[in-house]
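Just so you know, all these numbers are worked out from the coordinates, no wet-lab data involved. Since we're looking at a predicted model, the values are computed, not measured. Cβ placement follows ideal geometry from the backbone for every residue including glycine, while neighbour counts extend to all protein chains displayed.
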Amino acid sequence: MRRVVSMTMVLIALACSSAVAGSGSGAENKTVAASPVNTSSPALEADVKRSMYAVKVFTGRLQSELVQAMQAGGPTNAIAVCNTRAGKIAAEVSKKQNFTMKRVSLKNRNPDNAANEWQRPVLREFELRKQNGEPMKDLIYADIVETAVGNQFRFMKAIPTGRVCMKCHGTKIEPAVKARLEKLYPDDKALGYSVGDIRGAFVVTRDMIR
Ligand code: HEC
């Protein structure tokens, strides 16, 4: 697998106008200039923009459903939103945008959300970048990678842990919530988080037509 275009640690000033941190990469890589606007790869730039938009739409929809369900019946009730709606919302948003979208984590609750072999290093890198003081909103990665079946656009954006998340991902979980989670997810690793931690990342991929 060869990286065709890489934009690791770079983020185009899209929604935000923050400064951009560049990164080096392997010798075989054609590294895109770490400039605020990536003019050398319009395809990458367009896909990054679409990914950012999809993440925003997804987050907005999931959060409003989550908050509504919490208000209606507390966290035990809201588990259903994450359990059944998160995947559906992601699928709907993906379909509209013609790419795949999901959430992954190094400490996942649902086994389907475990980060795979290329996502794990990105998440570890996000942790390092966060330790180095980079704001959570800038923890973004984008690449175009050559795979066996053609080029693939890959995008990841860190998901911060907020206060509302603590009810189901924190250290002190209500017994009823805990019981429900244990029943649904016997192999749950997504507990013990604190506010401000990286909970995981959004992943957007698109297989590119040659
Ligand atoms: C009401 C309980 C509840 C709350 C509140 C909650 N989550 Fe979750 N979260 C879940 C459940 C249940 C899953 C498993 C979803 C699935 O089966 O795909 C999950 C899964 C996730 C995943 C996918 C990775 C994994 O561990 O499987 C991420 C990322 C995530 N949650 C982030 C958050 C964030 C960020 C917040 C706060 C904004 C939050 N969650 C609030 C219950 C909750």
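Taking other Cβ within 10 Å of each residue's Cβ, how do 140, 209 sort, fewest first?
209, 140
Hey, could you get me the Stokes-Einstein D for the stretch 50-114, Kirkwood radius over alpha-carbon pairs, 37 °C and 0.692 mPa s, rounded to whole µm² s⁻¹?
It comes out at roughly 264 µm²/s.
Using R₀ = 25 Å, calculate the FRET efficiency as 1/(1 + (r/R₀)^6) where r is the Cβ-Cβ separation of residue 183 and residue 59; round to 0.05.
0.40
Which whole-Hz ³J(HN,Hα) couplings does the stretch 79-92 yield from phi under the Karplus relation 6.51 cos²θ - 1.76 cosθ + 1.60, θ = phi - 60°, glycine and proline marked x?
3J(HN,Hα) across the stretch 79-92, in whole Hz: 3, 4, 4, 5, 5, 10, 8, 4, x, 5, 4, 4, 5, 5.
Once you treat every alpha carbon in the stretch 106-186 as an equal point and sum by Debye, what is log10 I(q)/I(0) at q = 0.12, 0.20, 0.25 Å⁻¹?
-0.50, -1.03, -1.23
Reachable lysines from residue 178, Cα under 26 Å, same-chain residues fewer than 8 places away excluded?
Within the straight-line cut-off, residue 178 pairs with 88, 102, 107, 167, 189.
Arrange 107, 95 by Cβ neighbour counts within 10 Å, fewest through most, would you?
Final ranking by Cβ density, sparse to dense: 95, 107.
Rank these for me by crowding, 205, 100, 171, going from fewest to most other beta carbons within 10 Å.
The most exposed by this proxy come first: 171, 100, 205.
Lys and Arg at +1, Asp and Glu at -1: add these up for the other residues within a Cβ distance under 9 Å of residue 181 and post the number.
Charge balance near residue 181 sits at +2.
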